[in-house]
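Below is one structure, written out as structure tokens, with a few remarks after it.
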Amino acid sequence: MIAAEALAAGLDTPTLCELAGWPRNADARDIRDAFEQALAESGIGLPDRGLARRHALRRMAARLIDGEITPAELATDDWWETEVQSEAEQSFVALIPQCDCCIEYTLGLDQQTWAAQLRNAALALTSSPPIGPGC
């Protein structure tokens, strides 16, 4: 869908056209390789992994605020391993446990208090200065 939206926005490369026609259940590695190829054809470089994770962290905080994800869903990825560089990022990441099954054990808080603190940290992160283009 992202490829189709990019085409509609005017970004046009052979690989992007091909990618837009792929099924939703295509292999994720193949999709990533093709997407990177399409970006290269467009002269767009990918950020390094650390910067990409920081951008993704900010987007996840925004999704939490918008109610698109629950606090427990943040514990389903390795967000706690993200190399943060700002106080707002650190405050948010510090509240994300390594797994959703150990939220109360790792944080020492009841779920309601934790969810409120996580939301406040997400608000602080999304209202902090962006880390660069694309955020």
Selection from segment 77-92 of residues that are crowded, with 19+ Cβ neighbours inside 10 Å and closer than 18 Å to Thr113 by Cβ: Phe92
Odd one out for Ala3, checked against (1) under 21 Å from the mean Cα position of the chain (by Cα); (2) loosely packed, with under 15 Cβ neighbours inside 10 Å; (3) among the hydrophobic types (A, V, I, L, M, F, W, C): (2)
Matching helices (runs of 4 or more DSSP H) fully within segment 19-107 where at least 3 residues are under 20 Å from Ala121 (Cβ atoms), of a type outside the set (Asp, Glu) and free of Cβ contacts under 8 Å to residues at least 40 places away in the same chain: 49-65, 87-93, 103-107
Whichever residue in segment 23-41 is surrounded by fewer than 15 Cβ atoms within 10 Å (Cβ to Cβ) and over 30 Å from Val84 (Cβ atoms) and, among such residues, is farthest from the chain's Cα centre (by Cα): Glu41
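Every number here is computed from the coordinates shown, using simple stated rules; none is lab data. In this text the structure is predicted, and so the values were computed from the model without any measurement. Note that each Cβ is placed from the backbone with ideal geometry, even for glycine, and that neighbours are counted across all protein chains shown.
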